[in-house]
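Student: Mind having a look at this structure? Questions to follow.
The values are calculated or read from the model by the stated rules, or taken from the named source; none is laboratory data. Predicted model, so just to flag it, every value in this text is computed and none were measured. Glycine gets a Cβ as well: all are built from the backbone with ideal geometry, and neighbour counts include every protein chain shown. Surface areas here come from the heavy atoms of the whole protein model, side chains and all, with no ligands, DNA or RNA. Shrake-Rupley method; radii C 1.70, N 1.55, O 1.52, S 1.80 Å.
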Amino acid sequence: MNRTLHSIFRPVCLFLLLVGTSVLFFPRLSEAQESSVEVNFQGKDYTQLKHAWTAQWITHPEASTLDYGVFLFRKDFTLTAIPDSFRVFLSADNRYRFYVNGTFICSGPAEGDLLNWRYETTDIAPYLLKGKNTLAMEVINFGEYRKAAQQTFQTALILQGDKNLPLNVNTGTMTWKVIRDAAYEDIPFVSDSLGAYYAAGPGDKMDGKKHPWGWKQPGYDDSDWLRPKKATVEFAVGRGFLYGSTWFLVPRTIPFMERETQRFPKIIRSENMDPDPAFLNGTGHLVIPSNTTISLLLDQTFHTTGYPELTYSKGKNSRIKITYAEALFKTTPSYENTSDGNLSYYDLKGNRNIFKNKEIRGIYDILLPDGGDHRSFVPWGRRTYRFVQFEIKTGNEPLILEDYHSVYTVYPFQQKARFESDDTLLTRIWQVAWRTIRNSAAETYMDPYYEQLQYIGDTRIEALVSLCVSGDDRLMRKAIRQFDNSRIPDGLTQSRYPAYITQIIPPYSLLWIDMIHDYFMYRNDPGFIRDFLPGISDVLEWFERHIDSTGLLSGLEWWNFTDWARGFPNGIPPGADKGHSANVSLQFVIALKNAAELFDFFGLKEKAGKYRTLATRISEQVTRLCYDPGRKMIAETPEKKIFSQHTNVFAILADVLPKSEQQALMNRILTDSSLIQATIYFRFYLFRALQKTGMGNRYTEMLGPWTHMIRNGMTTFGETDINPRSECHGWSASPCFDFLHTIAGIYPGSPGFSTVIIQPNPGNLSRFHAAFPHPGGMIIVDYSGNNNKKTFTVTLPPGLRGYLIEGKRTIPVNHGKQTIPIK
């Protein structure tokens, strides 16, 4: 078609699509249709997603839509009566905060990518008034320094009302208004300025003199505001629409975040004034005199994350700097011993509860008050901290701090599992581990301070912890699908997703397969699992193409990270780059075996057989080329010069050696100090091997890294146990999983958790009580005893059966309560 015909034909086609098909095939979403969208999106039928919205994406008519900026949108309307329901569907790029008549309703969209751009659904009827009403939307584009997880096309907003509303509130109508909020500037942070890799977005600088205070309320004069223009897209569509677009809208699949007010209990340091802490508990104000410079250091006393809110008055021409840190840093770092007393390291933080000779370092926001009353500031980005420092310089007018508190904002996991024992240290570890996973989960699993990225290696552990403790699988499901969405043309997943900076860690693609297998064992959800079989095949075929004549993997591209272990340069096991790594080859074997079980389940016997045959062949070559008969261990490469705990753990998990030899190998893994040692992250896999070899009773003796962090004043568990960058890293929350899976011994006996195995490993405990949220109800295991006599009381929900395994005894258990004494 030539250009002239195309220029005529294309607008006609678009008109027909918008007018004709939106009436006949893609009507405005009704309540029933919207509900159908949310249900069907989880399953196989995506038909309802293929609609054209009647609302349009809108943006500022003059300002750059690609650079940093905060934009304010508002719409006034009048109601003669308040309806029973007033549902709206909304989204924005990058982020929005939504208000009705000045009341905060929600924020979003939930993190996704352009092909899966989330929209939220909310009923605003409870917040409407008879008479004048105002919908207000703050939209931010973080620009060049946005966090690495933030995908974007341009600044834009969309809001659509339900079909049966008494009036049209859709964006795209001429009744919306917009301005760029000139009060805001970004404060870029780079890794060098923080002394560690940082990718979580900028800070905020807000000049109160430039902000249109009161703009969210009905009656605000917006006569000098602008009419928005249509964004750079023909029309708004759902995923699967027959014509190209930018944002393909799909419904949010996770709940809104939990929001809980948290107050600071104390000020631990102040300069140039004796502060009254009443403003922290909401019972009084703190007045900073004119022409004064002060500093206040607040201690939350525990690690937290969310959106702190400051309310203040007066203080024209003042400057407020608010700095957030997970821990304080020594002004003069020192060399100190590790928890085992053997290895010195450069200690930056010391005991977190000791504040002397320490300073705050971290990201910060800056406020410039305008002198008005009852002003408020909430940062745009997530702030994570235990410590917060105010540095204030006033001008000729006193500044009044009226209130300062945080709104703890995390995924709404509810703790349903319990673990109690006669060891109080285990209770403390459980509490800290659970806070760690809570603070590492929001719209994705992530580390909350430095990166806020969802990595596969971290997420596999985090998902198991959250699934086993809360029973909530929605964030796990979202993560599995997002990693599938991340796959590049050669089949591999990206290592972290969503992200606009591409990073590939091939072993993480294997862990994605293992994560799908985890879900397969814990949930009866074949429709969901089936969606990922093509991606699983693509990943395995990529690795298969990298097997050379030795039968081992060779020529692997990208970053073949396995663990931040000393002896693994950049986390890469020997041979992973140059070729013939037993470590990565065994990770491939484990993924092949897990994939074979999945394909078998769906009746794809030929492919399952292929994967099992390939796994056997690689296992044989690893044993033939890398097994050292003198050390009775698997070396990292055929040269047999380097050995690690990691590779031999994988050898056990992959059943490379006969089962009769695995316990002896596990003993050597634990006792041979010359091996490259596993970090706190990889101990998750070390404990899987410990449990597999029947040595789970040693688990409670191996909690030194977690004990060390608690004794060092940490209230969440870190990226590493020694001098961590990140004080809160979800992969170190694994004790919550292991207390249930290893000590209590509760795990699926068959796919879909249709049966249960209970194989306790109480170690030196004389009693414990464990409760586990199974889809059918709570599994409860109580233990008391010693080496001479043990008593187990097992309670299973209706319809569930399984086996209690104690030593060499296997005892059937059925639903209901049963007490089983064992001598």
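Student: Can you confirm whether the stretch 659-673 contains a residue that is open to solvent by less than 10 Å² (accessible area, probe 1.4 Å), of a type outside the set (Asp, Glu), within 26 Å of the chain's Cα centre (by Cα) and within 27 Å of residue 456 (Cβ to Cβ)? Break it down into steps so the answer makes sense when it comes.
Tutor: Pass one, the stretch 659-673, residues open to solvent by less than 10 Å² (accessible area, probe 1.4 Å): 662, 665-666, 669.
From what is left, the residues that are of a type outside the set (Asp, Glu) are 662, 665-666, 669.
Retained after the next criterion (residues that are within 26 Å of the chain's Cα centre (by Cα)): none.
No.
Student: Still on this structure, please answer the following. For the structure I just gave you, tell me whether residue 647 is in contact with a strand residue (DSSP E or B) (Cβ under 6 Å, 6 or more places away or on another chain), outside any loop (DSSP other than H, G, I, E, B) and among the β-branched types (Val, Ile, Thr). Steps first, please.
Tutor: Numbers: in contact with a strand residue (DSSP E or B) (Cβ under 6 Å, 6 or more places away or on another chain): yes; outside any loop (DSSP other than H, G, I, E, B): yes; among the β-branched types (Val, Ile, Thr): yes.
Spelling it out, residue 647 is indeed in contact with a strand residue (DSSP E or B) (Cβ under 6 Å, 6 or more places away or on another chain), outside any loop (DSSP other than H, G, I, E, B) and among the β-branched types (Val, Ile, Thr).
Student: Scanning for something out of contact with any helix residue (DSSP H, G or I) (no Cβ under 6 Å at 6 or more places or on another chain), closer than 29 Å to residue 324 by Cα and not basic (Lys, Arg), does the stretch 735-744 turn up at least one residue?
Tutor: Within the stretch 735-744 (the criterion being out of contact with any helix residue (DSSP H, G or I) (no Cβ under 6 Å at 6 or more places or on another chain), closer than 29 Å to residue 324 by Cα and not basic (Lys, Arg)), the answer is no, since none of the residues qualifies.
Student: Restricting attention to the stretch 755-771, and to residues there that are touching a Lys or Arg at 6+ places or on another chain (Cβ under 9 Å) and not aliphatic (A, V, I, L, M), which single residue is nearest to residue 301 (Cα to Cα)? I'd like the intermediate steps shown before the answer.
Tutor: Our first condition is that a residue be touching a Lys or Arg at 6+ places or on another chain (Cβ under 9 Å); within the stretch 755-771, this holds for 755-756, 760-763, 769-771.
From the residues that got through so far, the ones that are not aliphatic (A, V, I, L, M) too are 755, 760-763, 769.
Numbers: 755: 43, 760: 35, 761: 34, 762: 32, 763: 33, 769: 29 Å.
Per the stated criteria, the residue is 769.
Student: Another question about this same structure. Only one of (1) farther than 25 Å from residue 251 by Cβ; (2) out of contact with any helix residue (DSSP H, G or I) (no Cβ under 6 Å at 6 or more places or on another chain); (3) at pLDDT 95 or above is not met by residue 67, so which one is it?
Tutor: Of (1) farther than 25 Å from residue 251 by Cβ; (2) out of contact with any helix residue (DSSP H, G or I) (no Cβ under 6 Å at 6 or more places or on another chain); (3) at pLDDT 95 or above, only one is false for residue 67: (2).
Student: Please determine whether any residue of the stretch 621-641 is open to solvent by 40 Å² or more (accessible area, probe 1.4 Å), closer than 30 Å to residue 526 by Cβ, assigned to a helix (DSSP H, G or I) and at pLDDT 95 or above.
Tutor: Scanning the stretch 621-641, I find no residue that is open to solvent by 40 Å² or more (accessible area, probe 1.4 Å), closer than 30 Å to residue 526 by Cβ, assigned to a helix (DSSP H, G or I) and at pLDDT 95 or above, so the answer is no.
Student: Can you pull out the residues in the stretch 454-485 that are surrounded by 24 or more Cβ atoms within 10 Å (Cβ to Cβ) and assigned to a loop (DSSP other than H, G, I, E, B)?
Tutor: 454
Student: Is it the case that the stretch 707-719 has a residue that's within 30 Å of residue 602 (Cα to Cα) and open to solvent by 30 Å² or more (accessible area, probe 1.4 Å)?
Tutor: Scanning the stretch 707-719, I find no residue that is within 30 Å of residue 602 (Cα to Cα) and open to solvent by 30 Å² or more (accessible area, probe 1.4 Å), so the answer is no.
Student: Looking at the stretch 779-787, is at least one residue crowded, with 21+ Cβ neighbours inside 10 Å and part of a loop (DSSP other than H, G, I, E, B)? Outline the logic, then answer.
Tutor: Kept after step one, since they are crowded, with 21+ Cβ neighbours inside 10 Å, are these residues of the stretch 779-787: 779, 781, 783.
Next cut, part of a loop (DSSP other than H, G, I, E, B) only: none.
Checking the stretch 779-787: not a single residue is crowded, with 21+ Cβ neighbours inside 10 Å and part of a loop (DSSP other than H, G, I, E, B).
Student: Let me ask something additional. Determine which single condition residue 253 fails, assuming it passes every other condition in (1) in contact with a helix residue (DSSP H, G or I) (Cβ under 6 Å, 6 or more places away or on another chain); (2) open to solvent by less than 40 Å² (accessible area, probe 1.4 Å); (3) among the hydroxyl-bearing types (Ser, Thr, Tyr); (4) at pLDDT below 95.
Tutor: The number of the failed condition is (4).
To keep it simple, each residue is scored yes or no on (1) farther than 23 Å from residue 409 by Cα; (2) within 20 Å of the chain's Cα centre (by Cα); (3) surrounded by 18 or more Cβ atoms within 10 Å (Cβ to Cβ); (4) at pLDDT 95 or above.
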| position | (1), (2), (3), (4) |
| --- | --- |
| 92 | no, no, yes, yes |
| 104 | no, no, no, yes |
| 108 | no, yes, yes, yes |
| 111 | no, yes, yes, yes |
| 120 | no, yes, yes, yes |
| 124 | no, no, yes, yes |
| 133 | yes, no, yes, yes |
| 138 | no, no, yes, yes |
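Student: Within the stretch 95-106, is there a residue that is free of Cβ contacts under 8 Å to residues at least 12 places away in the same chain and within 18 Å of residue 73 (Cα to Cα)?
Tutor: In the first step, residues of the stretch 95-106 are kept if they are free of Cβ contacts under 8 Å to residues at least 12 places away in the same chain; the result is 104.
In the following step, the residues that additionally are within 18 Å of residue 73 (Cα to Cα) were identified as 104.
Yes, the conditions are met somewhere in the stretch 95-106.
Student: May I ask you to say which residue of 758, 676, 680 is open to solvent by less than 10 Å² (accessible area, probe 1.4 Å), touching a residue at least 24 places away in the same chain (Cβ under 8 Å) and either at positive phi or over 24 Å from the mean Cα position of the chain (by Cα) (or both)?
Tutor: Numbers: 676 fails: open to solvent by less than 10 Å² (accessible area, probe 1.4 Å); 680 fails: either at positive phi or over 24 Å from the mean Cα position of the chain (by Cα) (or both).
Within the list 758, 676, 680, the selection yields 758.
Student: Pairs only if they're at least six apart or on different chains, beta carbon under 6 angstrom, first in the stretch 583-600 and more than 15 Å from residue 526 (Cα to Cα) and charged (D, E, K, R), second part of a helix (DSSP H, G or I) and modelled with pLDDT of 95 or more; list them, first residue then second.
Tutor: Close Cβ pairs (under 6 Å, with a partner that is part of a helix (DSSP H, G or I) and modelled with pLDDT of 95 or more) amount to 593/615.
Student: Here's another thing I want to ask about it. Please state which of the following conditions residue 647 fails to meet, knowing it meets all the rest: (1) under 29 Å from residue 420 (Cβ atoms); (2) in contact (Cβ under 8 Å) with a residue 40 or more places away in the chain.
Tutor: Failing condition for residue 647: (1).
Student: Please verify whether the stretch 269-279 includes one or more residues that are closer than 30 Å to residue 159 by Cβ, open to solvent by 30 Å² or more (accessible area, probe 1.4 Å) and in contact (Cβ under 8 Å) with a residue 24 or more places away in the chain. Walk me through it before giving the result.
Tutor: Taking the stretch 269-279 as the starting set, the residues that turn out to be closer than 30 Å to residue 159 by Cβ are none.
Among the residues of the stretch 269-279, not one is closer than 30 Å to residue 159 by Cβ, open to solvent by 30 Å² or more (accessible area, probe 1.4 Å) and in contact (Cβ under 8 Å) with a residue 24 or more places away in the chain, which makes the answer no.
Student: Which of the numbered conditions does residue 301 fail, given that it passes all the others? Conditions: (1) at pLDDT below 95; (2) out of contact with any helix residue (DSSP H, G or I) (no Cβ under 6 Å at 6 or more places or on another chain); (3) surrounded by fewer than 17 Cβ atoms within 10 Å (Cβ to Cβ).
Tutor: Evaluating residue 301 over (1) at pLDDT below 95; (2) out of contact with any helix residue (DSSP H, G or I) (no Cβ under 6 Å at 6 or more places or on another chain); (3) surrounded by fewer than 17 Cβ atoms within 10 Å (Cβ to Cβ) leaves (1) as the failure.
Student: If a residue has to be in a loop (DSSP other than H, G, I, E, B) and among the acidic types (Asp, Glu) to count, how many in the stretch 122-148 make the cut?
Tutor: Within the stretch 122-148, the first condition is being in a loop (DSSP other than H, G, I, E, B), and the residues that meet it are 124, 128-130, 142, 146-148.
Applying the additional criterion that residues be among the acidic types (Asp, Glu) yields none.
Summing the residues that are in a loop (DSSP other than H, G, I, E, B) and among the acidic types (Asp, Glu) in the stretch 122-148 gives 0.
Student: Which numbered condition in (1) assigned to a strand (DSSP E or B); (2) hydrophobic (A, V, I, L, M, F, W, C); (3) within 30 Å of residue 475 (Cα to Cα) is the only one that residue 320 fails?
Tutor: Answer for residue 320: the failing condition is (3).
Student: Among the residues in the stretch 169-177, are any farther than 23 Å from residue 486 by Cα, crowded, with 20+ Cβ neighbours inside 10 Å and modelled with pLDDT under 95?
Tutor: Checked against the condition, which is being farther than 23 Å from residue 486 by Cα, crowded, with 20+ Cβ neighbours inside 10 Å and modelled with pLDDT under 95, the stretch 169-177 yields at least one hit.
Let's see how each residue does on (1) of a type in the set (A, V, I, L, M, F, W, C); (2) without any contact (Cβ under 8 Å) to a residue 12 or more places away in the chain; (3) outside any helix (DSSP H, G or I):
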{"site": "691", "(1), (2), (3)": "no, no, no"}
{"site": "700", "(1), (2), (3)": "no, no, no"}
{"site": "705", "(1), (2), (3)": "no, no, no"}
{"site": "727", "(1), (2), (3)": "no, no, yes"}
{"site": "736", "(1), (2), (3)": "yes, no, no"}
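Student: Condition first: open to solvent by less than 80 Å² (accessible area, probe 1.4 Å) and in a helix (DSSP H, G or I). Now tell me which residues in the stretch 598-620 satisfy that.
Tutor: Within the stretch 598-620, the subset open to solvent by less than 80 Å² (accessible area, probe 1.4 Å) is 598-600, 602-604, 607-609, 611, 614-616, 618-619.
Correct list: 598, 599, 600, 607, 608, 609, 611, 614, 615, 616, 618, 619.
Student: Against the definition (assigned to a helix (DSSP H, G or I), open to solvent by 10 Å² or more (accessible area, probe 1.4 Å), under 21 Å from residue 256 (Cα atoms) and touching a residue at least 40 places away in the same chain (Cβ under 8 Å)), how does residue 435 come out, yes or no? Reasoning before the result, please.
Tutor: Working: assigned to a helix (DSSP H, G or I): yes; open to solvent by 10 Å² or more (accessible area, probe 1.4 Å): yes; under 21 Å from residue 256 (Cα atoms): yes; touching a residue at least 40 places away in the same chain (Cβ under 8 Å): yes.
In short, yes.
Student: Any chance you could count how many residues in the stretch 214-241 are part of a loop (DSSP other than H, G, I, E, B), surrounded by fewer than 16 Cβ atoms within 10 Å (Cβ to Cβ) and on the phi < 0 side of the Ramachandran plot?
Tutor: From the stretch 214-241, those part of a loop (DSSP other than H, G, I, E, B) are 214-225, 227-228, 231-236, 239-241; that's our starting set.
Next, from what is left, pick out any that are surrounded by fewer than 16 Cβ atoms within 10 Å (Cβ to Cβ): 214, 217, 219, 221, 223-224, 227, 232, 240.
Those still in the list that are on the phi < 0 side of the Ramachandran plot too: 217, 221, 223-224, 227, 232.
Final tally of qualifying residues: 6.
Student: Still on this model: Filter the stretch 538-577 down to the residues that are open to solvent by 40 Å² or more (accessible area, probe 1.4 Å) and free of Cβ contacts under 8 Å to residues at least 24 places away in the same chain, then identify the one that is nearest to the chain's Cα centre (by Cα).
Tutor: Result: 570.
Student: Looking for whichever is without any contact (Cβ under 8 Å) to a residue 40 or more places away in the chain, over 21 Å from residue 590 (Cα atoms) and assigned to a loop (DSSP other than H, G, I, E, B) here; the options are 713, 718. Which one fits?
Tutor: Working: 713 fails: without any contact (Cβ under 8 Å) to a residue 40 or more places away in the chain.
So the residue among 713, 718 that is without any contact (Cβ under 8 Å) to a residue 40 or more places away in the chain, over 21 Å from residue 590 (Cα atoms) and assigned to a loop (DSSP other than H, G, I, E, B) is 718.
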